[in-house]
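Colleague: First the structure, which I've put down as structure tokens, then a few questions once you've had a look.
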Amino acid sequence: MQWNLGVDTHKGSFDAGVVDDAGREVAVASFTHDRAGLGQALSWIQGHEGSRVIGVEGSGSFGAPLVRILAAAGEDVREVPPMLTHRERRRSPSKGKSDPVDAIAIARVVARGEGLSTPKLSDIYEELKLLVDERKTLVRAKTQMANQTHADLVILRPGYQDRIPKIVRKIHVGKVRKLIRGEQSVRGMLIRDRLTDIDRVLNRISNLERLIKQKVLESGTSLHEQRGISFIIAATILGETGHPSRIHSEAAFAMFNGTAPIQASSGKSNHHRLNRRGNRQLNYAIHTVAMVRSRIHEPSRAFIAKKRAEGKSSKDALRCLKRHISNWIYRQLIADSELMKSAA
């Protein structure tokens with residue numbers, strides 16, 4: 001008998017459910033998300049003697065502590081994408097939505113065994129994700145402060161935008177400081193304070209980018225050497241994907257990153273639509289690569305032209321290119337992994 005377990009994780013608690021091979025509910029339990037609760041969960045899981053497969057939703061966030069404990073105990077742990085849980089829950093709409101219901105739904109996804117991957121456990125991939133996420137937060141904060149500064153400058157120095165159209169680098173900060181030198185109004189004071197904050201954030205972003213480059217080089221990947229992939233994009237791909245061995249095929253990777261096509265055909269119309277599921281950060285990284293390559297990479301330009309000649313719209317052609325790039329990235333990740341393994 002194989003026990004299929006599902007875990008729905010949250011910040012303060014998590015629920016676990018067990019089903020048999022036929023998908024019949026066997027047990028449900030709730031635990032606090034602290035050291036005592038994690039220990040109790042491990043004992044409860046191991047109390048189901050025999051073969052066990054444990055699916056965890058949110059294994060890269062709230063579920064990470066539990067995944068580490070389970071992996072250290074030698075348990076067979078799988079990551080369950082939220083979209084599969086949602087799809088499973090729709091099979092029984094009368095049961096509504098609750099944490100125990102989600103746990104059982106996750107366990108039934110595990111029982112079917114489709115679309116699952118191994119959770120990310122390697123420190124360097126986790127570190128890359130943390131660094132990229134922090135950089136993104138800082139860039140967003142810098143953009144917000146720059147936008148407010150532009151709004152104030154329109155009032156304080158009309159026509160300034162001809163000389164300073166954007167505030168994205170230290171040279172622009174310096175130009176704005178020079179522009180409002182001697183300004184004694186409250187608005188001028190607020191702009192100066194904001195420029196100091198922008199300066200500090202730019203320093204932090206620069207430091208993060210140096211560290212990201214260092215970590216990407218340490219990872220042994222060759223992604224950053226490829227056309228259209230910067231160190232930031234490479235770090236995003238590695239951080240969101242984790243070790244490539246956890247993804248079992250090109251198709252699974254496409255489902256994971258949201259580039260797998262979704263049928264939207266009707267009558268004589270045969271086409272696919274945008275897939276809004278999957279990891280959106282990874283999808284955005286692949287979209288960026290596709291946009292860059294569609295402009296400067298001749299094979300990609302030829303690919304787009306071929307799809308357009310087949311009657312596809314420009315958006316459909318770009319979606320095809322994204323899937324093509326997804327497959328290429330997966331193969332590159334696997335090749336790099338094999339190279340590192342042989343070198344070791």
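The values are calculated or read from the model by the stated rules, or taken from the named source; none is laboratory data. Treat the numbers as computed from the prediction; the structure is a model and nothing was measured. Using ideal geometry, Cβ is built from the backbone for each residue, glycine included, and neighbour counts are taken over all protein chains shown.
Conditions (1) on the phi > 0 side of the Ramachandran plot; (2) of a type in the set (A, V, I, L, M); (3) free of Cβ contacts under 8 Å to residues at least 40 places away in the same chain, marked per residue:
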{"site": "Arg280", "(1), (2), (3)": "no, no, yes"}
{"site": "Val289", "(1), (2), (3)": "no, yes, no"}
{"site": "Pro299", "(1), (2), (3)": "no, no, yes"}
{"site": "Phe303", "(1), (2), (3)": "no, no, yes"}
{"site": "Ala309", "(1), (2), (3)": "no, yes, yes"}
{"site": "Arg323", "(1), (2), (3)": "no, no, no"}
{"site": "Gln332", "(1), (2), (3)": "no, no, no"}
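Colleague: Go through (1) among the hydroxyl-bearing types (Ser, Thr, Tyr); (2) assigned to a helix (DSSP H, G or I); (3) at pLDDT below 95 for Thr288 and report which single condition fails.
Modeller: Single failed check for Thr288: (3).
Condition check ((1) outside any helix (DSSP H, G or I); (2) among the small types (Gly, Ala, Ser); (3) in contact (Cβ under 8 Å) with a residue 60 or more places away in the chain) across all residues:
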{"residue": "Glu183", "(1), (2), (3)": "yes, no, no"}
{"residue": "Leu217", "(1), (2), (3)": "no, no, no"}
{"residue": "His224", "(1), (2), (3)": "no, no, no"}
{"residue": "Ile229", "(1), (2), (3)": "yes, no, yes"}
{"residue": "His248", "(1), (2), (3)": "yes, no, yes"}
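Colleague: Now for a different question. When the residues of the range 25-65 are narrowed to those that are surrounded by fewer than 18 Cβ atoms within 10 Å (Cβ to Cβ) and among the charged types (D, E, K, R), which ends up farthest from the chain's Cα centre (by Cα)?
Modeller: Looking at residues that are surrounded by fewer than 18 Cβ atoms within 10 Å (Cβ to Cβ) and among the charged types (D, E, K, R), I get Glu49.
Colleague: For residues in the range 69-103 being farther than 17 Å from His10 by Cβ and basic (Lys, Arg), which is modelled with the highest pLDDT?
Modeller: Selected residue: Arg78.
Colleague: Check whether at least one residue in the range 148-166 is surrounded by fewer than 15 Cβ atoms within 10 Å (Cβ to Cβ), under 26 Å from the mean Cα position of the chain (by Cα) and assigned to a helix (DSSP H, G or I), and report yes or no.
Modeller: So far as the range 148-166 goes, no, none of its residues is surrounded by fewer than 15 Cβ atoms within 10 Å (Cβ to Cβ), under 26 Å from the mean Cα position of the chain (by Cα) and assigned to a helix (DSSP H, G or I).
Colleague: Let me ask something else. What residue, of Arg112, Arg108, Arg135, is basic (Lys, Arg) and surrounded by fewer than 17 Cβ atoms within 10 Å (Cβ to Cβ)?
Modeller: Arg112
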